[in-house]
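Notes follow once the structure below has been shown.
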Amino acid sequence: MKLTCLISIGALAFLAGCAGSANDELDVPTDLPPICRDIDFSANPDMREVCGVRKSRYKAYKNIPQQRYLIAPKEASIVKEGDKVELRLQNSLPVELDGPIKRDMEFNQQKRLEKLKNKYEYVEYFKKGEPRQRVFKLEIPTEAGTAYEFCFKIPESRGSDRTRSSAMGNNVEQISCSDFEHVKELKKAQK
């Protein structure tokens, strides 16, 4: 009786050790091409090599970036790396997001496949003799049931058409949402 019990416990332990491959910790790059973004790499391990995804070799290493994509603007995402949460926009340098959004937003392999249903509002104001103002507001929902508003200003591109390249990112600046509303009112008054 004891011998059969020991054999069955050993067999169960062996099977449990082999079954762990479905929940591999994966190192998913934050610059995936659009065709690879909606793939579940746990369910489709054959796509890992094609998309540049690999298993995390070090379980203690906590600085592996995790990413959530936004609906708008195009190619925008929120990336968590360690304790830092950043907004990443196409052709722009990352902007750090502070506040309770860090604890309210979930980042994991399953959430990576779900796009955040955010709201995006863009306003551009230009008056002759004054600098052009381009601002936008993001309302980002979280799994905790909260939504946070962030407002940003897009500065003018530096350099000339000849020296500017897509590698030169804009420094998108975070502004108060009252400044955003002010530019929005200026735009309404202009019509």
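Hey, rough spin-label estimate for K55 and K127, points 7 angstrom out along Cα→Cβ, what's it come to in nanometres?
The answer from the label model is 6.3 nm.
Run the reach check for K187 against aspartates and glutamates, Cα to Cα strictly under 14 Å, same-chain hits fewer than 8 apart removed. What comes back?
Leaving aside aspartates and glutamates fewer than 8 places away in the same chain, those within reach of K187 are E121, E124, E130, D179.
Take the residue pairs K115/K184; K119/K184; K153/K184; K111/K153; K84/K137; K74/K115 and return only those whose Cα atoms are more than 23 Å apart.
Check vs 23 Å cut-off fails for K115/K184; K111/K153.
Return the FRET efficiency for the residue pair D83, M47: r is the Cβ-Cβ distance, R0 is 25 Å, and the value is rounded to the nearest 0.05.
The formula returns an efficiency of 0.25 here.
Roughly how many nanometres apart are two label points built 7 Å out from the Cα toward the Cβ at E25 and Y148?
For the pair E25/Y148, the computed spacing is 2.5 nm.
Would you mind ranking K119, K127 by Cβ crowding within 10 Å, fewest neighbours first?
Listing K119, K127 from fewest to most nearby Cβ atoms yields K127, K119.
Which aspartates and glutamates, if any, have their Cα less than 16 Å from the Cα of K55, not counting same-chain residues under 8 positions apart?
Partners found: D24, E25, D27, D40, D46.
Only the coordinates and a few stated rules stand behind these numbers; no lab work does. All figures in this text were calculated on a predicted structure; none of them were measured in a lab. As a convention, Cβ positions derive from the backbone with ideal geometry for all residues, glycine included, and neighbour counts pool all protein chains shown.
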